[in-house]
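Rule-based calculations on the coordinates, nothing more; no lab input. What you see is a predicted model; the values in this text were computed from it and never measured. Please note: Cβ atoms are built from the backbone with ideal geometry, for glycine as well, and neighbour counts cover all protein chains shown.
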Amino acid sequence: MKLSEFALTRLACAYFFICPGLTYGIFTSRLPALKMQTGANEAQIGLMLLCFGGASLVTLSASSWFLKRFENRNLLLCCSIIVLFATVFMGFAFNPYMLWLCAVMGGLATGFVDVAINTQGVQIEKKYTASCMAFMHASYSLGGVIGALSGSLFAAFGFNFLTNAVVMLGIYVLFLFKAHHYLLTDPVQGKEKEESGKSFIPFFVIFCGLLIMLEYACEGAVAEWGSLFMHDIKHSPEYIAALVYAGFSVTTMCCRFFGDRMREHFGDIKLCMAGVMIAVFGLVLVLFTQGMFFALFGFALMGMGLSPVAPVLFSQAGNYPNVNIAKACAAVSVLAYCGLLFFPPLLGFVAYGYGLDKTMFVVLALSILLCFGIIALGRKKAA
């Protein structure tokens with residue numbers, strides 16, 4: 001059966017969403033291996049993550065300018081390839097300084113990729129008048145699942161990070177150029193193009209970005225410190241510790257594949273509120289129960305609970321009246337990725353001084369704050 005134009009475009013965009021999830025899943029699941037390979041301590045790992053965050057923030061801030069001057073899909077293709085190479089090069093690092101260099105390289109490209117794929121996603125929703133952002137973000141989670149599971153599998157069989165990255169990313173590249181062919185050619189069209197000169201970003205868009213910042217901070221803490229938490233605090237073997245982000249991403253992915261239908265049935269605010277409460281309960285399980293399998297289940301519940309927040313709020317911000325999509329996505333991404341890119345690295349310095357077990361209570365506090373933020377957003381929409 002021949003796929004429709006909408007189906008092909010949606011699948012092509014979803015394939016590019018897989019890229020950052022796949023590389024992130026491989027990287028985070030093999031952090032213990034990279035730590036041993038380079039001889040880095042927790043503070044140096046935290047600084048490496050901070051380098052990644054700083055580089056990404058630079059390109060996130062400049063992304064709307066680049067999207068005006070370069071075709072969206074070509075910029076997305078080039079930067080996706082750079083992300084893949086940066087991940088592979090980490091396998092050649094033999095000291096923390098080389099890791100930092102790879103992190104800067106990958107971070108610069110990731111900033112462009114994030115804004116470009118979300119701009120594509122909102123454009124598809126507008127062009128075909130169909131909700132699909134949850135499906136797009138589910139594809140990111142699918143990439144994370146594949147990456148993390150591959151990390152667990154390759155670690156179990158004794159393969160190093162480089163082998164893991166080359167095999168998985170080599171397979172991914174096989175269909176990358178085909179997917180590029182079906183992407184939308186322009187990031188802005190019609191009336192949106194006329195509005196591209198407007199610099200005003202409404203508070204509603206900013207507030208959406210702040211809430212995603214909290215959600216990404218929690219997600220990043222699980223992804224970048226979850227495996228080390230399992231390995232060092234719960235005393236699990238590396239191949240079990242690598243399953244933290246896999247479990248988190250599996251539940252996130254499954255819920256997001258049904259996310260667009262759930263939005264129509266429950267509404268955005270109720271769906272997000274219920275989800276965040278589940279996430280808080282999952283983190284309580286992680287912190288207050290004994291045994292590695294209770295912790296794995298708690299991390300999986302966190303993935304389920306946080307799953308609707310980012311796609312719902314990106315869609316809300318991108319579809320806000322009289323705001324250019326690229327500018328809205330760029331503004332939200334800058335704020336959101338401050339949480340993902342800076343909070344987990346800062347946790348490394350806290351963990352170095354106070355221990356990783358105590359540091360995870362900060363994540364619990366952010367989850368509770370996110371609950372109150374979703375309530376405030378609902379009141380603002382109702383006003």
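At a glance:
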| item | result |
| --- | --- |
| Positive dipole terminus of the chain, leading residue within G247, M136, T59 (C-beta point charges) | M136 |
| Which label in [x] 56, 43, 43; [y] 80, 52, 41; [z] 185, 47, 37 gives the computed Cα extents along the principal axes in Å | [x] |
| Approximate spin-label separation K126-W65, in nm, with each point projected 7 Å along Cα-to-Cβ | 2.2 |
| Length gained when the stretch F177-T163 is fully extended (0.36 nm per residue, less Cα-Cα span) | 2.7 nm |
| Degrees, to the nearest 10: 309-318 long Cα axis against longest axis of the chain | 30 |
| Label-point separation in nm, F6 to L153, each point 7 Å along Cα→Cβ | 3.4 |
| For S236, distant residues with modelled amide H under 5 Å away | H231 |
| Semi-axis lengths, Å, region 133-177, gyration tensor of Cα atoms, sqrt of 5 times eigenvalues | 22, 14, 5 |
| Rounded FRET efficiency, nearest 0.05, which uses the C-beta distance separating M277 from F361 and R0 of 25 Å | 0.90 |
| Convex hull of Cα atoms in region 208-364, direction-averaged projection (nm²) | 9.1 |
| Among I278, I18, I233, residue whose mean-square fluctuation peaks in a GNM of the chain (springs only between Cα atoms under 10 Å) | I233 |
| Cβ charges +1 (Lys, Arg) and -1 (Asp, Glu), total dipole of the chain, debye | 660 |
| Principal-axis tilt of helix 203-232 within the chain, Cα atoms, nearest 10 degrees | 20 |
| Estimated FRET transfer efficiency (F200, L369; beta-carbon r; R0 22 Å; 0.05) | 0.20 |
| Overall dimensions of region 32-187 as given by Cα atoms, namely Rg and Dmax in Å | 16.8, 51 |
| Sequence-separation-based contact order of region 249-318, relative, with Cα cut under 8 Å and 6+ spacing, percent | 43 |
| Using alpha-carbon coordinates, inclination of helix 96-128 to the longest axis of the chain, degrees | 30 |
| Sequence ranges 127-137, 50-60, 215-225, ranked by mean other-Cβ count within 10 angstrom, highest first | 215-225, 50-60, 127-137 |
| Alpha-carbon spread of region 215-275, three principal axes, descending order, Å | 42, 19, 14 |
| Cβ-Cβ FRET estimate between M36 and I81, R0 fixed at 25 Å, reported to 0.05 | 0.30 |
| Residue with peak Gaussian network fluctuation, the chain [Cα springs, cutoff 10 Å], from F16, F281, F314 | F281 |
| Selected from G25, L377, I233, residue furthest toward positive end of dipole (the chain; charges at beta carbon) | L377 |
| Residue-averaged 222 nm ellipticity for the chain, from DSSP H runs of 4+ at -39500 (n - 2.57), nearest 500 | -28000 deg cm²/dmol |
| Virtual paramagnetic centre 7 Å along Cα→Cβ of K270, amide N under 20 Å, in region 316-343 | 316 |
| Surrounding net charge for D260, when Lys and Arg each add one and Asp and Glu each subtract one, Cβ distance under 12 Å | +1 |
| Principal semi-axes in Å for region 322-383 [√(5λ), Cα gyration tensor, largest first] | 30, 18, 5 |
